[in-house]
Amino acid sequence: MIEIIKEDITNLEVDAIVNAANKSLLGGGGVDGAIHRKAGKELYKYCLKLNGCLTGEAKITPGFNLKAKYIIHTVAPIWYKGEENRCELLKNCYVNSFELALENNIKTIAFPCLGMGVYKVPTDVGGSIAIDTSLEYQDRFEKIYLVCFNDLDYDFYKKYLMEKQEMK
Ligand code: AR6
């Protein structure tokens, strides 16, 4: 089941939260900064050993001081760079995060709006990829939370999901 919520993702008690990281996996601003601050220094030390992450791929770490058991780190495309395959790369972020979650027996997972902050993925593009991919995976999870942080994203996600469900 998919649930769209407006929340600080670092507060969620789920099996895994997904981080909108950068290729270094060593922290940054936005949701990445919030996750690293709350998870603590051990996360940084653990990430040092991971050798970064390519765009569209995903890596898993413990949640350390978070309530979430795991953090799945994925790297969205930098939208304004204009790469031709940027939609496919963003889709890969969701697919690879879901696949990694399944391998680790994760039943409840929460995604932020990947790429939709600093990397400037437009709301309709990022939101539709998030929801379409979550619909493909929903039967394999107890709960998929799509976590929005502003009204614009939240309103789009709600409306788009409702339209998709009405089409069924
Ligand atoms: N909980 C939930 N969502 C949040 C939170 C939070 N605590 N904080 C921000 N968001 P961004 P990106 C939302 O910029 O676009 C970092 O510096 C935010 O409103 O975090 O993938 C990394 O290190 C937006 O909707 O990620 C990378 O360098 C969404 O999370 C770069 O930013 C994603 O925004 C990644 O950029």
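The values are calculated or read from the model by the stated rules, or taken from the named source; none is laboratory data. Please read these numbers as outputs of a predicted model, since none were measured by experiment. Neighbour counts are summed over all protein chains in view; Cβ atoms, including those assigned to glycine, are modelled from backbone coordinates with ideal geometry. Keep in mind that these areas ignore ligands, DNA and RNA; they rest on the heavy atoms of the full protein, side chains included. Shrake-Rupley method; radii C 1.70, N 1.55, O 1.52, S 1.80 Å.
Can you pull out the residues in the range 12-37 that are surrounded by fewer than 16 Cβ atoms within 10 Å (Cβ to Cβ), more than 7 Å from the ligand (Cβ to nearest atom) and not in a loop (DSSP other than H, G, I, E, B)?
Correct list: 37 only.
Kindly indicate the residue of the range 93-105 that is in contact with a helix residue (DSSP H, G or I) (Cβ under 8 Å, 6 or more places away or on another chain) and open to solvent by less than 20 Å² (accessible area, probe 1.4 Å) and also farthest from residue 31 (Cα to Cα) among those meeting that condition.
In this case the residue turns out to be 98.
Can you spot a residue in the range 1-8 that is in contact with a Ser or Thr (Cβ under 9 Å, 6 or more places away or on another chain) and open to solvent by 40 Å² or more (accessible area, probe 1.4 Å)?
No, every residue in the range 1-8 fails to be in contact with a Ser or Thr (Cβ under 9 Å, 6 or more places away or on another chain) and open to solvent by 40 Å² or more (accessible area, probe 1.4 Å).
Consider residue 61 carefully, then state whether it is open to solvent by less than 60 Å² (accessible area, probe 1.4 Å), among the hydroxyl-bearing types (Ser, Thr, Tyr) and either near the ligand (Cβ under 9 Å from one of its atoms) or assigned to a helix (DSSP H, G or I) (or both).
When the stated conditions are applied, residue 61 does not pass them.
Within the range 115-134, which residues are surrounded by fewer than 20 Cβ atoms within 10 Å (Cβ to Cβ), within 11 Å of the ligand (Cβ to nearest atom) and either closer than 20 Å to residue 99 by Cβ or not small (Gly, Ala, Ser) (or both)?
Across the range 115-134, the qualifying residues are 118, 120, 123.
So, in the range 135-160, exactly how many residues are touching a strand residue (DSSP E or B) at 6+ places or on another chain (Cβ under 6 Å), open to solvent by less than 30 Å² (accessible area, probe 1.4 Å) and assigned to a helix (DSSP H, G or I)?
Matching residues across the range 135-160 total 1.
Given the criterion assigned to a loop (DSSP other than H, G, I, E, B) and more than 18 Å from residue 149 (Cβ to Cβ), identify the matching residue among 50, 66.
Going through 50, 66 in turn, just one is assigned to a loop (DSSP other than H, G, I, E, B) and more than 18 Å from residue 149 (Cβ to Cβ): 50.
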